[in-house]
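Enquirer: Structure below; questions to follow.
No lab work stands behind these numbers, since they all come straight from the coordinates. All of these numbers come straight from a predicted model, not from anything done at the bench. Neighbour counts run over all protein chains shown; Cβ positions are idealised from the backbone, glycine included.
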Amino acid sequence: MRFPEFEGDGEWVEKTLGELLEFKNGINASKGQYGKGIKFINVLDILKEEHITYDNIIGKVDVDNSILQKNAVIYGDLLFQRSSETQEEVGTANVYLDKEKTATFGGFVIRGKKIGDYDPIFLNALLKTSEIRRSISSKAGGSTRFNVGQETLSSTIILLPSLTEQQKIAACLSSLDRLIAAHRDKLEALNDHKKGLMQNLFPQEGEKAPKYRFPEFEGDGEWEEKTLGKIATFSKGKGISKSDIVEDGKLPCIRYGELYTHYKETISEIQSYTNLNPDDLVLSEANDVIIPASGETQIDIATASCVTKKGVALGGDLNIIKANVNGVFLSYYLNNSKKMEIARMAQGISVVHLYANQLKTLILNLPKPEEQQKIAACLSSLDASIAAQAEKIEQLQQHKKGLMQGLFP
């Protein structure tokens, strides 16, 4: 794929990175030098998805001017990860794009100082293509830790179009990156909005009514205090192992680990399926709320989700709560103002456990069913917007991946 004005320009020119960049290893600073002074580019900065600028560099180091002059990083310089625990990651590149401020770089980093004619954004994108990544990482030495040296980088062969075409490709990708960043900002704003709503729509510790109520419920007074044991019955799921999950399975199922990795407060679309006999399993009723019975940390285990579908197999290590209140409302409530109380109930050290007898004692303040439904609908709608926004970002990232495959040899 080429932009129309470059279709007749012929093949790209073969060069080595050594013709464009002069390589130098970074500073091995002492512990006493860290934390103050000039910004100090390290491996974590290189691995960021965004370009490196002075303001987004993580660390600082205190070095004298003579060392700084030899190890300065300026606009357009490329930084490479010199050492890594994985061969796939070693040699990863990123570009420094700050025209006003100078930084320096660490011992696990190799700087490529600009000596040839190239567009920095274009070259950075080219170095992230799978072909160039394989070319560099395949030459890494080491066993427990992998390393690339200046010679490997210098001898790496690349193909370059004219500077004008480089700039056109760079402008296209930069525009797309800005669009992705804007959508990420929107997603972050939506998540912050949800967090604020959750704090205001539910009573916080020591309160019997929320700070914010929908207009039609403002005169309804305090929410009614009840224990979870008074409004619900409890049961446990039945074992479904990882090997029982099959791609073409007929029975939808939920394993407890998926509550940490995949699901939020509402479960309507099921990720996993199995061909186990339903008669040997525990199947959900719509409105069931599930909470893990075991986990790695107390705060992780305090995770509630409402299953909105009937007939979903619920795996072992799941507490199943069948309540006579709106299950979606209850899952949001438990995940917000009751999360820390549930976490404190969990017991254990290397593995923590949460039992039905503990959950039964949890004190709740509950509004009328109509207000429960209103709160559940509001937060579910917001979650749908968050999911749609996340999907939009994923589509843009896939579009960028496709562009990268088409725009580079």
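Enquirer: Which lysines does Lys242 reach when only Cα atoms under 20 Å apart count, and residues fewer than 8 places away in its own chain are ignored?
Expert: Straight-line reach from Lys242, under 20 Å: Lys250.
Enquirer: How much length, in nm to one decimal, is gained on full extension between Lys238 and Ser350, taken as 0.36 nm per residue of separation minus their Cα-Cα distance?
Expert: Length gained between Lys238 and Ser350: 38.0 nm.
Enquirer: Hey, got a sec? Which trypsin sites (Lys or Arg not before Pro) in region 20-90 land in a DSSP loop and have at most 12 other Cβ atoms within 10 Å?
Expert: Passing both the DSSP loop test and the Cβ count: Lys48.
Enquirer: Counting other C-beta atoms within 10 Å, and keeping those with at most 11, which DSSP coil trypsin sites (Lys or Arg not before Pro) do you find in region 207-288? Could the numbers behind the result be given before it?
Expert: Values: sites: Lys208, Lys211, Arg213, Lys226, Lys230, Lys236, Lys238, Lys242, Lys250, Arg255, Lys264; in loops: Lys208, Lys211, Arg213, Lys238, Lys250, Arg255, Lys264.
The qualifying sites are Lys208, Lys211, Lys250.
Enquirer: Principal axis lengths of the chain from Cα atoms, whole Å, largest first?
Expert: Ordered largest first, the chain gives principal extents of 75, 50, 47 Å.
Enquirer: Another question, then. Measuring from label point to label point, each 7 Å out along Cα→Cβ, what is the Phe6 to Lys360 span in nm?
Expert: My value for the distance between the label points is 7.1 nm.
Enquirer: Per DSSP H run of at least 4 residues, take -39500 (n - 2.57); add these up for the chain, divide by its residues and hand me the 222 nm value, nearest 500 deg cm²/dmol.
Expert: Details: 13 runs with 142 residues, N = 409.
When only DSSP H runs of four or more count, the value is -10500 deg cm²/dmol.
Enquirer: In addition: For region 201-277, state the average projected area of the convex hull of the C-alpha atoms over all orientations, rounded to one decimal in nm².
Expert: Result: 8.2 nm².
Enquirer: What size of dipole, in debye to the nearest 20, comes out for the chain about its Cα centre when the only charges are +1 on Lys and Arg C-beta atoms and -1 on Asp and Glu C-beta atoms? Kindly include the intermediate steps, with their values, before the conclusion.
Expert: Details: 49 positive and 55 negative charges, 173 e Å.
Dipole about the Cα centre, nearest 20: 820 debye.
Enquirer: For region 360-409, count all C-alpha to C-alpha pairs, find those more than 15 Å apart, and express that count as a whole percent of the total. Intermediate results must be reported in sequence, preceding the final value.
Expert: Working: 839 of 1225 pairs.
So the portion of pairs separated by more than 15 Å is 68 percent.
Enquirer: Report for the chain the percent antiparallel among DSSP-assigned beta bridges with both residues inside it, nearest 5.
Expert: Bridges in the chain are about 85 percent antiparallel.
Enquirer: So for Leu396, Leu47, fewest C-beta neighbours within 10 Å to most, what's the order?
Expert: Leu47, Leu396
Enquirer: I'd like the distance separating the alpha-carbon centroids of region 184-233 and region 326-376, in whole Å.
Expert: Region 184-233 and region 326-376 have Cα centres spaced 13 Å from each other.
Enquirer: Now, a different point. In nanometres, what is the gap between the two model label sites at Lys322 and Asn28, each 7 Å from Cα along Cα-to-Cβ?
Expert: Label-label distance for Lys322 and Asn28, simple model: 6.7 nm.
Enquirer: Normalised by the empirical 2.2 N^0.38 Å for globular proteins, what value does the Cα Rg of region 224-366 take?
Expert: It is 0.99.
Enquirer: Take region 9-161, compute every pairwise Cα distance, and split them into 10 Å bins from 0; I just need the percent in each bin.
Expert: Going from the shortest bin to the longest, the percentages are 11, 43, 34, 11, 1, 0.
Enquirer: I've got another one for you. Are there GluC sites (Glu not before Pro) in region 183-254 that DSSP marks as loop and that have at most 10 other Cβ atoms within 10 Å, and which are they?
Expert: On the way: sites: Glu188, Glu205, Glu207, Glu216, Glu218, Glu222, Glu224, Glu225, Glu247; in loops: Glu205, Glu207, Glu218, Glu222, Glu247.
In loop regions of region 183-254 (DSSP not H, G, I, E or B), the sparsely surrounded GluC sites (Glu not before Pro) are Glu205, Glu218, Glu247.
Enquirer: List the pairs from Lys211/Lys374; Lys236/Lys338; Lys128/Lys264; Lys230/Lys338; Lys101/Lys186 whose alpha-carbon separation is above 23 Å, in the order I gave them. Before the final figure, lay out each step's value.
Expert: Numbers: Lys211/Lys374 15 Å; Lys236/Lys338 21 Å; Lys128/Lys264 33 Å; Lys230/Lys338 16 Å; Lys101/Lys186 29 Å.
Correct reply: Lys128/Lys264; Lys101/Lys186.
Enquirer: Roughly how many whole Å is it from the C-alpha centroid of region 261-304 to that of region 33-111?
Expert: 44 Å
Enquirer: Something else now. Counting C-alpha atoms alone, how compact is region 137-272: give Rg to one decimal and Dmax as a whole number, in angstrom.
Expert: Considering region 137-272 through its Cα atoms, Rg and Dmax are 27.2, 75 Å.
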